[in-house]
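Reading through the structure tokens given below for one structure.
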Amino acid sequence: MKINKKRMVRYSEGALMYSMGLPMFQKLAKEAGAIYRIEGTPPLVKCDVFEAYLEKYRTT
């Protein structure tokens, strides 16, 4: 299994990385405040911000 060390990913790549559907990944990335937009380019999601947000869904 390849370990991804990217700091930022596009929506489609992030959905694959985190094993979820594209609409759910986009929704969670927005809620996390992890989306970065640079004019003229597709939105990017910052992985460490997204992962920190996902921790709130952790069950024990």
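The simple spin-label model puts a point 7 Å past each Cα toward its Cβ; for Thr59 and Ser12 those points are separated by 3.3 nm.
Extension gain for Ala52 to Lys30 (0.36 nm times residue separation, less C-alpha to C-alpha distance): 6.6 nm.
Taking the fewest neighbouring Cβ atoms within 10 Å as the starting point, the ordered list for Glu31, Glu55 is Glu55, Glu31.
Please give the helix 22-32 orientation as an angle from the longest Cα principal axis of the chain, in degrees from 0 to 90, rounded to the nearest 10. So the helix axis and the longest Cα principal axis differ by about 90 degrees.
Converting phi to 3J(HN,Hα) with the Karplus coefficients 6.51, -1.76 and 1.60 and the offset θ = phi - 60°, region 12-18 yields 5, 5, x, 4, 5, 4, 9 Hz in sequence order, with x at every glycine or proline.
Bear in mind these aren't lab numbers, they're just calculated from the coordinates by the rules spelled out. Quick caveat: nothing in here was measured; it's all calculated off a predicted structure. All Cβ positions, even for glycine, are placed from backbone atoms using ideal geometry, and neighbour counts span all protein chains on display.
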